[in-house]
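> Please see the structure below; I have some questions.
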Amino acid sequence: GLPAALPALPLELTVLYNSLLFTMGASDSAVKAEAEGIRQWLLRVLEACGACGQDLSTEELWQKVLQEVTVEELQGPLHRLGALQAAWVWWDLCFPVPWDQCFLFRFSIPCSLSSLYSQDPGRARCSDGENELLSLLKAWRVPAEVASLPLVQSAEDLKEILCTAAAFLQGLQELEAGNFPTALSLLQEAAGGFCSKRVLAQIYTCLGCCAQQMSKPQTALQHLKRALQVDFQCLPALSHVAAVYHELGENEAELQALALLYEALEKKAPAAASSSPCFLIRTELLVRVPILASLLRHRQPSEVKYLLAQRCLQDGRVADAVEHYLDFLALLQEGLQQQVPLDGGSALPRIPEVFLEAASALEQAGRHQDAITVCEEVISRTTDLIPRMLQVEGKLQQPECSSLGAGLSQKKESLCCLAWRAAGYLQQGWAWATLGKSKEAVTQFSRCLGDLLRVQLYGSGIEPAEDLLPEVEVLQKIRLLSLIGRGMQFLEQGRHKEALLDFQHGLQISPGDPTAAPYLVQALWKLDRKQEAAAHWQKFSQSPPGENGQGSAALSYRPVPLYLASCLKRVAFPLGESLASSIEDYLGTLRDNAAS
């Protein structure tokens with residue numbers, strides 16, 4: 001309530017500055033009432049100078065204060081207050097719009113630096129390639145502090161924090177926009193700024209992600225390892241290290257990184273205290289944008305455990321894969337919501353697919369009964385989710401309206417459930433076949449094929465693989481594998497005609513995937529239809545490399561689900577057996593007879 005007096009204003013503004021710092025440092029969000037408080041104190045400064053500015057906007061008010069006030073003792077307190085308001089608006093807005101266009105840029109920092117521009121305007125211009133906001137911050141000359149007025153945080157420290165945060169945020173913006181060289185330069189500048197070890201590790205992690213996007217994996221690894229050296233609890237960096245090793249195809253290194261990540265997540269170590277000076281306004285308070293949260297997303301232990309299982313299975317480490325899959329299934333039993341993240345950024349596939357992958361690992365490890373049990377769980381859980389008949393357009397198409405889009409989504413979900421159950425029957429068939437139970441194997445293969453009859457595709461007939469819905473392509477692959485599996489069992493049982501029908505059907509439904517071709521030749525040969533067998537063999541043998549279907553997803557335009565990989569290996573035709581030599585002898589005899 002005391003009238004404004006110039007001699008007392010430096011102390012009053014310093015007290016205001018310190019109190020506002022405590023307010024910002026103790027709260028999770030800025031309070032608009034505090035910003036209004038700054039305005040009232042600016043009016044008090046004008047009052048002490050015999051001026052008024054009640055009707056002025058905030059920008060106009062700052063300009064008038066800096067024009068009217070020439071007292072040297074007030075320059076420092078006013079600069080501190082201007083910088084604080086810049087940080088305040090920065091924090092409050094969290095940059096919902098491009099930073100160079102935001103409210104902060106329009107008045108907070110320019111007004112704080114207006115006296116500088118008038119004295120040396122050239123210093124405020126951007127050099128080539130330099131960010132405008134960074135240029136303004138660097139050009140700001142902080143007045144000397146008065147030792148008799150203690151500060152919670154100096155204006156020079158605040159300037160350095162603003163510079164670091166600006167470089168960090170602008171780097172993230174350029175990274176999100178795909179301007180990787182510019183992003184790299186800005187992030188490197190931020191790394192040399194004023195911040196805690198925790199933030200520095202985050203900056204190095206972002207540098208690693210940027211280098212990875214620039215197809216520089218070794219550089220990315222250097223940045224990510226640097227992040228871990230700065231802060232060993234920066235687990236997102238370790239997650240990105242594993243991703244880079246996966247990209248490089250270094251399986252052993254990737255598995256080691258994932259194992260370390262899982263161990264660290266399981267320990268749940270408390271956050272390490274920062275060894276940097278403690279400030280109320282810190283870089284991390286000013287850097288809160290979605291892309292940073294995405295790059296630094298902490299994986300759940302369940303995700304890492306699944307990745308370990310998946311990578312081991314892909315790398316042929318079946319025993320390790322089984323162990324990891326069983327651990328993951330145990331995590332599911334502990335509670336889905338707590339252990340398995342359901343957000344879009346999760347590395348996890350749908351839960352039935354994980355069960356099927358686990359069954360595939362168990363089957364490859366020789367635990368056939370366990371594989372059958374896991375598949376039965378999938379079959380029982382999906383039975384009630386599949387309609388008796390499902391009519392779908394097999395081709396890729398864009399829905400004309402939202403209602404059609406919703407209907408297509410529902411049909412895709414039904415197709416997924418059908419594919420999971422059919423794959424369960426398929427894997428059970430192969431497990432029974434390995435156990436020597438040919439009758440049970442035929443039963444499961446037949447159930448799989450019967451399930452697939454529920455789907456009625458309509459459209460323009462047989463479509464190229466690239467035009468099919470991904471779900472329909474998976475169903476076709478499952479049908480082909482089931483026909484070949486059942487046909488192989490029929491051959492073992494001496495039911496050659498039935499085997500021939502299955503192999504012929506397999507070639508009809510997947511004309512671009514001749515995996516069944518050598519089995520068709522074998523069936524014809526066993527039926528003593530040698531001329532037909534020889535003709536098909538010649539056609540099959542003359543197929544270009546990569547189109548013979550030998551244990552691969554021949555001519556498949558999309559990756560085959562991991563849970564079908566072992567089935568693809570099972571249908572690989574053993575070219576080394578006597579059939580090939582028998583056919584060649586037969587063809588040689590035909591040539592000799594024709595020559596004579």
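Each reported figure results from applying straightforward, stated rules to the coordinates on display, with no laboratory input. The shown structure was predicted, so the numbers you read here are calculated from the model rather than taken from an experiment. Note that each Cβ is placed from the backbone with ideal geometry, even for glycine, and that neighbours are counted across all protein chains shown.
> Using a/c under 1.5 as the rounded threshold, could you call region 164-272 rounded, prolate or oblate? The axes a ≥ b ≥ c are square roots of the C-alpha gyration tensor eigenvalues, and prolate needs a/b larger than b/c, oblate otherwise.
Cα axes put region 164-272 in the oblate bin.
> Cβ neighbours within 10 Å, averaged per peptide: list 323-329, 437-443 in order, most packed at the top.
323-329, 437-443
> Please work out how much length the chain gains when fully extended from residue 68 to residue 247, using 0.36 nm per residue of separation minus the C-alpha to C-alpha distance, in nm with one decimal.
Stretched fully, the residue 68-residue 247 segment lengthens by 58.3 nm.
> Please list 424-433, 208-217 highest first by mean number of surrounding beta-carbon atoms within 10 Å per residue.
Order by mean packing, descending: 424-433, 208-217.
> Separate question: Within the set 437/497; 437/569; 216/477, which residue pairs have Cα atoms separated by over 27 Å?
Beyond 27 Å: 216/477.
> Related question: Could you give the length gained by full extension between residue 280 and residue 259, i.e. 0.36 nm per residue of separation minus their alpha carbon distance, to one decimal place?
Extra length from residue 280 to residue 259 when fully extended: 3.9 nm.
> Still on this structure: Please give, to one decimal in nm, the separation of the simple spin-label points placed at residue 592 and residue 225, each 7 Å out from Cα toward the Cβ.
Modelled inter-label distance: 6.6 nm.
> Could you give the nm distance between label points at residue 214 and residue 365, where each point is 7 Å from its Cα heading toward the beta carbon?
Roughly 4.3 nm, to one decimal.
> Quote the FRET efficiency, to the nearest 0.05, computed for residue 327 versus residue 351 with a Förster distance R0 of 22 Å and r equal to the Cβ-Cβ distance.
The pair residue 327/residue 351 has a calculated efficiency of 0.90.
> Let me ask you something else. Points 7 angstrom from Cα along the Cβ direction at residue 585 and residue 572: gap in nanometres?
2.7 nm
> How would you rank 376-386, 504-514, highest first, on the average number of other Cβ atoms within 10 Å across their residues?
Ranked by mean Cβ neighbours within 10 Å, highest first: 504-514, 376-386.
> Given R₀ = 35 Å, what would the calculated FRET efficiency be for residue 437 paired with residue 390, taking r from the Cβ atoms and rounding to 0.05?
The pair residue 437/residue 390 has a calculated efficiency of 0.70.
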